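Contents: one structure, followed by commentary.
The values are calculated or read from the model by the stated rules, or taken from the named source; none is laboratory data. Treat the numbers as computed from the prediction; the structure is a model and nothing was measured. When we count neighbours, we look across all protein chains shown, and the Cβ atoms used for this are built from the backbone with ideal geometry, even at glycine. Surface areas here come from the heavy atoms of the whole protein model, side chains and all, with no ligands, DNA or RNA. Shrake-Rupley method; radii C 1.70, N 1.55, O 1.52, S 1.80 Å.
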Amino acid sequence: MQLQNKSHVIRSFLRTSKQLSLFLLMGVVASACTATRFLKDDESFYTGAKIDINAKGKIAGQGELKEELQTYITPEPNGTVLGMRPAVWFYFIAGEPKKKKGFRNFIKTKLGSPPVLLKDATPEQTAEALEGQLHNEGYFKSEVTFDIKTKHKKSKVIYHIELERPYRIKSVNYIFLDTAHARLLNQIKEKTLIKENQRYSLELLRAEQERIEDIAQNEGFYYFDDRFLLFKADTTVGERMVELDLTVEPGMPPRAYQVYTIKEVTVYPSYELANDSLSRTGDTTHVGKFVYIDNLHNFRPHIITDVINITPDSIYRRIDHEYSISHLMGLNTFKFVNIKYRNVHRDSTGLRASVFLTPTLKKSFRLQLQGVSKSNNFVGPGMEFTFTNRNIFKGAEMFQLKLNALYELQVRSKQTNPLNAIELGGEASLSVPRFITPFHIQFRSAKYLPQTQFKLGYSFQQRLQYFTLNSSNIAAGYTWRETTLKTHELFPVDITYIKKSNTSEAFNNIVDVNPALKNSFQDQFILGARYSFTLNTQLNDNIESKYVIKKVRRSNYYFNGSIDVSGNVPRGIQSIRFHGAEGPYSFFGQAYSQYIRPVVDFRYYFDLNKRNKIATRLTTGVGYAYGNSQFMPYIKQFSVGGSNSLRAFPARSVGPGTYNFLAINDTTFFIDQRGDIKLEGNIEYRFDIYKAVKGGLFVDAGNIWLIKNDTLRPGGKFAFNSFYKQVAVGTGFGLRFDFSFFVLRFDLAFPLRKAYPVDGSEDGTNNEFRWAFRDIDFTSKYWRRDNLVFNIAIGYPF
């Protein structure tokens, strides 16, 4: 017994020693990675700044003011991971590379970053800049001082602001207007940015000057320049009010008072800067009032001149200039667009416009090889080939041919034989940069060109042990942007034909006992039409009008609403033809689907700060079959689960309702679980870790349901009084390698709540549903095998 006790003590001592040694080693590594040992005695790391506001009285908007002032504080401190600065550590240990390329240079420049020290923060200059910005924002007489707190070679700067109450605008007088500009007065006053009792802001005044310049230039005053506009502020009127007079700087040239007219427009569609003189010569053609000079003849001339808003014998308007550039770039066949103006002669008010267009590469090929890993355990190699011709018929039409091939193998722990799948597909598309309709649609007044699209596609899917599915599609429709934020897509023709073949006995046995599944897999036409509307405020940063005041925008949202309908037109025609006889009717001897399918996708993004963001998504949809159909087509039904959905569950494995397919038959996982109703919500906390490496913590929730009862999938029917109790919930952590143009994502997730009851009741009447908190055990290999789902994907999930 004593020997056993001694042996136990020895083992405990050794185990404790190993743990202590590991802890000490980690401490040494952590200490080294802080990189403080590389600093000189009088140096310290700059860890950031804090703004402390002491307001003189009640002043609104201090939070927004503090956020704005933070943007003027530079530089950004070095990033830290658990208190360490690995980038700085890499920078120092790399030394001075002898070559511009090589391992040392890679360590220093790619993995490393130079240290950001307190001296780099220049607190004195920053305090002066903050004080100047406060004065620009109307907080006159405010003062800024600073303190520095240093501890363990880490320094933080605190800026103390004595904030005075802001000055506000009492009135503004536009006294710069003379008889030449008097007719602009109404336009200037009607939409002025400056309002009475508004806080004084230098940025506001500059924006108003730019707005006035735009108004003047849109009325023909080509040489009008806002640099000659001057605001004079009188702060002596009392009560912290300011009177503004808008005047003109001395020396404003006489031509700024004259209205200019476009006399000539010359188009050079094959311009090359390297061959400037040669590009300006060639065959000259008159297209309406335009002069068209080209020696390559790659375009039909009117295709280009039709989208130019600048026309001879019209006054110069800046908006015509901007829309012309937008239209020409929207043809997607020019790399550069430049429009230059010059006077017809020295004293003339006429302008010659020259439109220089540099074509982009007409044809291109792209071959993409990929390794696919799906969360339904399908893995395998894939390939995609794309050929693009950006001007196939000399009318800026873009033709694309896409071919793809994919081989997948599904391996699951409970399968004796792995499932094999082959997918082949191709799509030919033609995009024409204008509306092709029986009637003329005016688009010159719009900033963006519409697109008419034609698509022809075919896909071949073979599950080697079960069936072959052939799908052919032909579609024609339109895409146009109402504004930069709003996009519409309308496809009045969207026809798909689905045909299965080579079905195995195993597959036939499954569908023979499941009429709903058999109906959704039947050979059929989908004679549809679809429309979608997208609103995306994330594009605001790129398109805000130049005279709109820039504010710190912390939130954005994305909305997409779509509706897909099928079978209504042929059903209506055939009902009349056959005098209302009951169907189902057929199209070329095959059944066709009739349904309506609206879908809504809403996303909200909130920036906590530069390094942290909250992203949310709520998506829902309903598919209702009627008339000629009893069930929705298989490819139009909804599903949840997978790398872009509920990441804690295999793809398309959740639901419908409380139905637990995996518990009933886990060996025929090839059949995706689909339904008529979908509800899904996601929330994700995204944060920076190190350079391009980002992290994410997420929670996903959702399920699908059936509209009609299915005896073979008990608990799947939607019920208002219980659907919220049938929501599956999962959570997890992800790493993202965000290279701006490419995002590689790894998400590890596990379920928190299953959609089915604890007691396994199949009818869904038991309201006790299984929360999985008590079962979480990362140390158990069985729990990890049954619950952890690893997702690999390209791009963010939403």
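Listed values, structure above:
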{"item": "MRE, 222 nm, helices only [DSSP H, n ≥ 4, -39500 (n - 2.57), over the chain, to nearest 500]", "result": "-5500 deg cm²/dmol"}
{"item": "Relative contact order [Cα under 8 Å, 6+ residues apart], the range 565-648, whole percent", "result": "27 percent"}
{"item": "Label-to-label distance, nm, for residues given as Ser501 and Ile53 (7 Å Cα→Cβ offset)", "result": "7.2 nm"}
{"item": "Subset of Lys108/Lys335; Lys362/Lys500; Lys263/Lys363; Lys50/Lys108 violating a 32 Å alpha-carbon distance limit", "result": "Lys108/Lys335; Lys362/Lys500; Lys263/Lys363"}
{"item": "For Asp710, distant residues with modelled amide H under 5 Å away", "result": "Gly716, Lys717"}
{"item": "Projected label distance in nm at Ile436 and Arg784, using a 7 Å step from Cα toward the beta-carbon", "result": "5.7 nm"}
{"item": "Average Cα contact separation per residue, the chain, under 8 Å, 6 or more apart, as relative contact order %", "result": "6 percent"}
{"item": "In sequence order, calculated HN-Hα J values of the range 140-145 (Karplus, 6.51, -1.76, 1.60; Hz; x Gly/Pro)", "result": "5, 6, 6, 10, 10, 10"}
{"item": "Separation in nanometres of the label points that stand 7 Å from Cα toward Cβ, at Asp672 and Ser429", "result": "1.9 nm"}
{"item": "Efficiency of FRET from Cβ geometry, Arg168 and Thr616, R₀ 45 Å, rounded to 0.05", "result": "0.75"}
{"item": "Added length on full extension, which subtracts the Cα-Cα distance from 0.36 nm per residue, Asn197 to Asn536", "result": "118.7 nm"}
{"item": "Length gained when the stretch Trp771-His286 is fully extended (0.36 nm per residue, less Cα-Cα span)", "result": "167.0 nm"}
{"item": "Of all DSSP beta bridges in the chain, antiparallel share, percent nearest 5", "result": "90 percent"}
{"item": "Set of the range 131-151 residues, backbone N closer than 19 Å to the point 7 Å along the Cα-Cβ line of Asn609", "result": "147-151"}
{"item": "Accessible surface of the chain, 1.4 Å probe, proportion on carbon and sulfur as whole %", "result": "56 percent"}
{"item": "Cut-off 11 Å between beta-carbons: net charge of the residues surrounding Lys141, Lys and Arg +1, Asp and Glu -1", "result": "-1"}
{"item": "Average accessible surface area per residue within the chain, 1.4 Å rolling probe, Å²", "result": "54 Å²"}
{"item": "Residue range of the chain that is longest and free of GluC sites (Glu not before Pro) which are both DSSP loop and sparsely packed (at most 12 other C-beta within 10 Å)", "result": "240-581"}
{"item": "Volume per residue of the C-alpha convex hull in the chain, rounded to whole Å³", "result": "288 Å³"}
{"item": "Semi-axes of the equivalent ellipsoid for the range 140-291, Cα gyration tensor, largest first, Å", "result": "46, 29, 12"}
